[in-house]
Every structure is written in C-alpha cells, then in structure tokens.
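As structure tokens, the structure follows; a few thoughts come after it.
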Amino acid sequence: MRKPALALTLFLLVSFLSSAQETKPAPRTTYSPVPVNAAREPNPVKSTPESIAEGKKIYGYDCAQCHGDTGQSKTDVAKKLEIPDLTNPALLKNRTDGELFYILKNGHGGMPSEGDRVKPEQLWDLVNYVRSLARKQPTAAH
C-alpha cells in the first residue's frame, strides 16, 4: 500500500511545482532598445508653432494624464510609476527625434503605445511638442 501512496504523493508534488512555475509571469523589462534604423529616422515635420500646437492637442488627449499638463510629471500616476519629467532637457538630450517617434508609436516600459490611433504626421507633431517642453525653462520667483 505504501508504494502507490508514495508514488501518488510524488506525482502530485511534481505536478504542483511544475504548474506553479508555468503560471509565473515573465519578468517585465522597462527598457526596450529602439532599432537603429528607427533611431536614425529624420523628423519630416518642421518644428513650427503650428506643429507644436497640433502636438499639444494629442499630448492633452493621451499623455497629460500621466505626464501632467506641463510635462513635469507631478501627477499621482506619475509618482506611483516614476514617470520622468519631460521638461528636463537632460532627459531628451541624447534622444533623436526618430527614437522619440518610435517610443511614442510602440510604447516604452509601462507606457502604452499610440500605435495607429494617430497618423504618423501627428506623432511627429507630438515629438516636436515634447521637445518644446524641454526647452521651456521655469522662471524663478523673486
């Protein structure tokens, strides 16, 4: 009688351990490199006041809820998810427009993608707007 009970116990233990391993979610990485060809993509949309205004509209619909209206990431969501301050020039200094376009289109870490919800030209407008946020320097209070 002991052998069947022992075999059944071992079988159940092995089954439990292997099913527990299968249900573990894969670790999520927060960094996904931008392909070189995407990073080298030039921005076909000039950074004009009109382009920046169009980008600001999209930002208001899709980005402000996490990054904040001003890009400073002072929202409750931003605090929980450690969302970067888009007004910090150092953040974008080493990023090409192609990289920003790719990140906006495909998402990055926990940031959702725009995908095909907007036209490519509108994403380039959004790149121009995000760049404009980093150029604005807050004035010191006197």
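The values are calculated or read from the model by the stated rules, or taken from the named source; none is laboratory data. Predicted model, so just to flag it, every value in this text is computed and none were measured. Note that each Cβ is placed from the backbone with ideal geometry, even for glycine, and that neighbours are counted across all protein chains shown.
Data overview
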{"item": "Tabulated pairs, the range 70-86, first in contact (Cβ under 8 Å) with a residue 60 or more places away in the chain, second hydroxyl-bearing (Ser, Thr, Tyr), C-beta under 6 angstrom, 6+ apart or interchain", "result": "GLY71/THR87"}
{"item": "The range 57-69, residues that are in contact (Cβ under 8 Å) with a residue 12 or more places away in the chain and loosely packed, with under 15 Cβ neighbours inside 10 Å", "result": "GLN65"}
{"item": "All positions within the range 30-56 that are surrounded by 14 or more Cβ atoms within 10 Å (Cβ to Cβ) and in a helix (DSSP H, G or I)", "result": "ALA38, ALA39, SER51, ILE52, GLU54, GLY55, LYS56"}
{"item": "Out of SER15, SER32, SER47, SER51, sole residue that is modelled with pLDDT under 55 and of a type in the set (Ser, Thr, Tyr)", "result": "SER15"}
{"item": "Which listed residue, of LYS56, LYS105, LYS136, is more than 17 Å from the chain's Cα centre (by Cα), of a type in the set (D, E, K, R) and modelled with pLDDT of 90 or more", "result": "LYS56"}
{"item": "Subset tally (residues that are under 17 Å from ASN43 (Cα atoms) and either outside any helix (DSSP H, G or I) or touching a strand residue (DSSP E or B) at 6+ places or on another chain (Cβ under 7 Å) (or both)) for the range 81-113", "result": "3"}
